[in-house]
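The structure appears below as structure tokens.
The values are calculated or read from the model by the stated rules, or taken from the named source; none is laboratory data. Everything quoted here is computed from the prediction, not taken from an experiment. Glycine also receives a Cβ, built like all others from the backbone with ideal geometry; neighbour counts cover every protein chain displayed. Note: accessible area is taken over every heavy atom of the protein model, side chains too, but ligands, DNA and RNA are not part of it. Shrake-Rupley method; radii C 1.70, N 1.55, O 1.52, S 1.80 Å.
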Amino acid sequence: MNITNFIKYLNETKKWNIQGKYYTYIDQWRAWWQGFTPEFHTIREIGLDGETRTREMYRMRMPKRACEDWASLLLNDKTFACISDKNSSDWLIGPEGQQTGGILRQIDFWTRANELVELTMRSGTGAFVMSVDNLKVEKGAVVKSPDAVICMDYDPAECILPLTIRHGRVVDVAFASEVTIGGNSCIYLQTHQLVTIKGVRQYRITNEYFTSKDEEKETASYAPTALPDGVIGTFTTGSDVPWFAIITPNVVKNISGGPGLGMAVFAEALDQAKQCDAAFDNYHRDIFLGGKKVFYNKRLLNSYIDKDGKEHFATPDDVRQSLFVHAPGNDPDDEPDWHEYNPDLRVDDNSKAVQDALDYFSFKVGLGTHHYQFSAGNIATATQYNGDRQDMVQHANKHQIKIEAALLQIFKAMLWAGKVIMGQPVNPDAQITINFDDRYIADADTRRKWDQEDALNGFLPKYRYNMEWRGMSEQDAKKAVTEASNESGINERLQFESGDA
């Protein structure tokens with residue numbers, strides 16, 4: 001899907017005014033994330049025949065690695081949600097809050113959410129987009145559908161078209177993505193707009209499908225096509241709860257345009273990414289060209305004439321039965337007609353150049369100056385560099401603010417759908433807490449010991465310890481503390497009575 005051409009079509013047909021230019025930056029960031037930009041990574045070399053040839057630069061592809069690392073730090077298998085209402089917790093995240101059941105497991109939420117964080121860091125923006133299969137609509141409005149099923153899409157920036165922004169928040173938005181239906185490729189456009197109908201502010205959701213021709217050309221054309229079976233064209237939700245949540249890296253954008261969109265976490269580190277690839281390419285080429293070379297005086301070479309009458313020369317090493325050839329009238333011991341050359345691989349210099357480039361790059365993407373360190377052939381992460389990881393910790397805490405807000409918003413939408421559409425006994429207004437994995441600050445055992453001591457010393461409610469480390473809902477956590485306290489009281493009384501006897 002060529003999003004820039006599709007935006008032109010939408011601007012003309014829907015009278016929108018989306019700025020397509022900003023999406024060229026997103027395409028550039030995607031190319032760096034994929035690891036190849038033709039204008040930089042294509043090397044031109046002249047061969048012995050005078051012909052110019054091209055080759056791809058040897059490269060490290062660090063922008064993708066940085067996005068992967070941020071996704072691993074910010075949202076991983078140790079991230080979990082706690083919900084104060086037991087029914088809501090059981091329905092959304094599973095019984096006893098163990099994150100092993102519920103709707104989140106059914107849609108493989110945490111795995112896909114981790115992927116979305118990487119795409120967000122790559123493209124500058126990501127979106128959770130909720131939809132409902134088996135949805136029932138009457139008179140254009142959503143009605144209760146017990147057989148409804150919640151689904152989730154995870155869209156990067158090139159699929160997100162902000163339409164209305166108020167106070168820095170995306171209110172109206174369209175999502176465009178390429179889908180395949182019956183073997184045919186189509187563009188799926190879903191538009192979410194907050195409207196007022198009969199005094200009620202609610203979202204109107206519109207689904208459209210398009211076919212395209214010559215998308216990569218300026219003459220690209222698009223045409224509406226029929227909706228797939230089961231897809232509703234337009235409906236209203238009856239609520240102002242959005243069915244989407246937008247994430248951006250928590251950095252201030254210094255690129256003009258693209259309202260509502262962020263910028264890639266490595267957008268300010270492209271020069272450093274180039275330095276990494278240039279240093280690694282030079283390292284690789286030095287090794288490739290570093291083989292032993294033996295130079296011979298032409299008098300030591302055997303010559304022969306091929307069937308076409310062209311003269312060729314063979315070195316002594318090419319003719320094993322005459323490994324040593326003595327040129328008449330010359331003594332090799334007095335004046336050698338050959339010498340050996342061993343090129344310097346410059347391992348230390350090249351290694352330092354690569355390491356310096358990695359240090360600059362990791363600093364620019366917010367991971368700290370020593371996030372990538374090679375020692376004895378092993379890569380070490382920032383957790384092994386206590387003095388240098390504060391930069392990473394500060395940036396991680398910043399990014400988590402945006403991620404937490406998006407998670408809370410989409411979970412609220414799911415709980416709302418569970419209650420209003422699916423008729424489940426859940427509470428959309430239940431308190432939700434997102435617990436992030438902060439092992440990059442202290443290891444899990446150390447943090448658990450700290451919380452345990454705080455709970456025993458009265459600085460932390462014991463039920464909060466159960467919510468944090470056992471994944472319990474607030475109701476289950478308080479119940480467990482009460483039961484433990486009652487059992488402790490019974491044991492103390494039995495011991496007292498036994499001693500008294």
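The combined condition, being at pLDDT 85 or above, in contact with a strand residue (DSSP E or B) (Cβ under 8 Å, 6 or more places away or on another chain) and assigned to a loop (DSSP other than H, G, I, E, B), is fulfilled by A430. The residue that is most open to solvent (accessible area, probe 1.4 Å), among those in the range 50-85 that are closer than 24 Å to L407 by Cα, among the hydrophobic types (A, V, I, L, M, F, W, C) and not in a helix (DSSP H, G or I), is F80. Here T180 meets the list (1) without any contact (Cβ under 8 Å) to a residue 12 or more places away in the chain; (2) within 22 Å of the chain's Cα centre (by Cα); (3) assigned to a strand (DSSP E or B) almost entirely, failing just condition (2). So which residues in the range 388-428 are closer than 18 Å to S473 by Cβ, open to solvent by 30 Å² or more (accessible area, probe 1.4 Å) and touching a helix residue (DSSP H, G or I) at 6+ places or on another chain (Cβ under 8 Å)? Residues satisfying the conditions are Q424, P425, N427. Checked against the criteria, D172 counts as closer than 25 Å to I421 by Cβ and assigned to a strand (DSSP E or B). Does the range 97-120 include one or more residues that are part of a strand (DSSP E or B), in contact with a Phe, Trp or Tyr (Cβ under 6 Å, 6 or more places away or on another chain) and modelled with pLDDT of 95 or more? No, the range 97-120 contains no residue that is part of a strand (DSSP E or B), in contact with a Phe, Trp or Tyr (Cβ under 6 Å, 6 or more places away or on another chain) and modelled with pLDDT of 95 or more. When G260, G329, G309, G290 are screened for being at pLDDT below 65 and at positive phi, only G329 passes. D476 meets each of the listed conditions (1) exposed (fewer than 15 other Cβ atoms within 10 Å of the Cβ); (2) among the charged types (D, E, K, R); (3) at pLDDT 80 or above apart from (1). Taking the numbered list (1) assigned to a loop (DSSP other than H, G, I, E, B); (2) under 30 Å from G423 (Cβ atoms) in turn, E215 passes all entries but (2).
Rundown of residues vs (1) under 18 Å from V252 (Cβ atoms); (2) modelled with pLDDT of 50 or more, yes/no style:
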| site | (1), (2) |
| --- | --- |
| H370 | no, yes |
| Q373 | no, yes |
| N378 | no, yes |
| T383 | no, no |
| R389 | no, yes |
| M392 | no, yes |
| N397 | yes, yes |
| Q400 | yes, yes |
| I403 | yes, yes |
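Going by the conditions given, is A127 touching a residue at least 24 places away in the same chain (Cβ under 8 Å) and out of contact with any Ser or Thr (no Cβ under 7 Å at 6 or more places or on another chain)? Taking the combined requirement at face value, the residue satisfies it. Number of residues in the range 245-267 that are out of contact with any strand residue (DSSP E or B) (no Cβ under 8 Å at 6 or more places or on another chain) and surrounded by fewer than 21 Cβ atoms within 10 Å (Cβ to Cβ) equals 8.
Taking each residue of the range 371-400 that is of a type in the set (S, T, Y) and looking for partners that are modelled with pLDDT of 85 or more with beta-carbon atoms closer than 6 Å, six or more apart or interchain, yields Y372/L358; Y372/S362.
State all residues of the range 182-207 that are in contact with a strand residue (DSSP E or B) (Cβ under 8 Å, 6 or more places away or on another chain) and either aliphatic (A, V, I, L, M) or under 21 Å from Q19 (Cα atoms) (or both); if no residue qualifies, say none. Hits for the range 182-207 are I187, Y188, L189, Q190, T191, H192, Q193, L194, V195, I197, I205.
Taken as a whole, the range 1-17 holds at least one residue that is among the aliphatic types (A, V, I, L, M), within 20 Å of L119 (Cα to Cα), open to solvent by 50 Å² or more (accessible area, probe 1.4 Å) and at pLDDT below 90. Among the residues making up the range 18-49, those that are more than 29 Å from the chain's Cα centre (by Cα) and in a loop (DSSP other than H, G, I, E, B) are G47, L48, D49.
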